[in-house]
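Data first, discussion second: the structure below is written as structure tokens.
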Amino acid sequence: MQQNLDIGVDTHRVLLYTDFKLQLRMCWEKKAYWFTNVSRQAFHAPKTTKQYLRQIIHTQVDDLDPQVTVIKKIFEPAQTIELKQFIKSKTLNGFDMPNQAQLDFLDRWTSLQPKKIQRLL
């Protein structure tokens, strides 16, 4: 699987992450990351979803996707934001406060999530 690791010189790198349970649920709902056809092949997914979920959960370390550590090493983000904390506090530690348009976007994005995800947020 080819990866694009190019980042513009003046790019402010931000890592937005969440706990493993919420990430897994969001991926499942949106058929993203582990649940795309390409990823299922790349991760050698078992035939049944139940078996595949067990395989994914088995990779869990410290309530985070193990790739978070890898991503931090590769991209060296200037800022790391935990999604749940950002939604609750609506602040960015050590950086300018989000403007009203950004807060409106956050509220809109949250409202569009399935009910199960909203409860986990």
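Some values worked out for this structure:
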item	result
Hey, Leu24 touching a strand residue (DSSP E or B) at 6+ places or on another chain (Cβ under 7 Å) and of a type outside the set (D, E, K, R) or not	no
Number of positions in segment 56-78 that are exposed (fewer than 14 other Cβ atoms within 10 Å of the Cβ), farther than 21 Å from Asp6 by Cβ and modelled with pLDDT of 90 or more	1
Every residue from segment 86-101 that is free of Cβ contacts under 8 Å to residues at least 60 places away in the same chain, surrounded by 13 or more Cβ atoms within 10 Å (Cβ to Cβ) and either acidic (Asp, Glu) or part of a helix (DSSP H, G or I) (or both)	Ile87
The lone exception for Tyr17 - which of (1) exposed (fewer than 12 other Cβ atoms within 10 Å of the Cβ); (2) touching an Asp or Glu at 6+ places or on another chain (Cβ under 9 Å); (3) not β-branched (Val, Ile, Thr) it fails	(1)
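This table checks each residue for (1) in contact (Cβ under 8 Å) with a residue 60 or more places away in the chain; (2) touching a Pro at 6+ places or on another chain (Cβ under 6 Å).
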{"site": "Asp19", "(1), (2)": "yes, no"}
{"site": "Trp34", "(1), (2)": "no, no"}
{"site": "Ala42", "(1), (2)": "no, no"}
{"site": "Pro46", "(1), (2)": "no, no"}
{"site": "Tyr52", "(1), (2)": "no, yes"}
{"site": "Gln60", "(1), (2)": "no, no"}
{"site": "Val70", "(1), (2)": "no, no"}
{"site": "Ala78", "(1), (2)": "yes, no"}
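The values are calculated or read from the model by the stated rules, or taken from the named source; none is laboratory data. This structure is a prediction, so every number in the text was calculated from the model and none was measured. Please note: Cβ atoms are built from the backbone with ideal geometry, for glycine as well, and neighbour counts cover all protein chains shown.
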